[in-house]
Amino acid sequence: MTEQWRYNKSFIYKCFNSDTDDVYIGSTIQNPKLRYTRHIFNAAHGIGNYGKIFETPNHTYEIIDNCNFNCRRDLLLRERHWIDITPNAVNKMRPAFLNDEERKANHYANVLRYYRSDKGKVNKKNQNARYRKKIKGEVKDDSQTGEISTEE
């Protein structure tokens, strides 16, 4: 609760360019104008993914939500909400505070992605070979130490 005071005056803002219709959603506990100028500096030095927002001079920012939260997590959840509902948002990263269903779906997708990759295929092949050796009695499983060793 010691950092509660930091989030009781926070902001969700958008940086946008009227020429490209790209929008970047962000959250801050700083002065929003200061944060906006930092985005301009970062974009000029190739830091961050802002799409084409800062490529032409027709960019600006706007505060879209004044927030009063108790913690950073609540602020980031609100930012995520705005990213999800904003068309043309160029944000590459979304704050990832997931509920149980989303966490399970993400885990399942990551497991599938891994086993479809070359590294996952090799690992699965090695696991299967180790299992076949174990069935044949070529691999001895020491349940007390948790080690698997090959009999010589």
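The values are calculated or read from the model by the stated rules, or taken from the named source; none is laboratory data. Being a predicted model, the structure only gives us computed values, none of them experimental. Quick reminder, even Gly has a Cβ in these numbers, built from the backbone with ideal geometry, and neighbours come from all protein chains shown.
In segment 1-89, which helices (runs of 4 or more DSSP H) lie fully inside it and hold 2 or more residues that are over 18 Å from the mean Cα position of the chain (by Cα) and surrounded by 15 or more Cβ atoms within 10 Å (Cβ to Cβ)? It would help to see each step written out before you state the result.
On the way: elements: 4-7, 32-44, 72-85.
Because the criterion is at least 2 residues that are over 18 Å from the mean Cα position of the chain (by Cα) and surrounded by 15 or more Cβ atoms within 10 Å (Cβ to Cβ), the helices (runs of 4 or more DSSP H) in segment 1-89 that meet it are 32-44.
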Q. For segment 90-117, what are the residues that are in a loop (DSSP other than H, G, I, E, B) and modelled with pLDDT of 75 or more?
A. VAL90, ASN91, LYS92, MET93, SER117
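Taking into account only those residues within segment 1-52 that are in contact with an Asp or Glu (Cβ under 8 Å, 6 or more places away or on another chain) and of a type in the set (Val, Ile, Thr), which is modelled with the lowest pLDDT? Show your work before the answer.
Of all residues in segment 1-52, those in contact with an Asp or Glu (Cβ under 8 Å, 6 or more places away or on another chain) come to 7, 11-14, 16-17, 20, 25-27, 50-52.
Retained after the next criterion (residues that are of a type in the set (Val, Ile, Thr)): 12, 20, 25.
Numbers: ILE12: 95, THR20: 88, ILE25: 95.
This residue is THR20.
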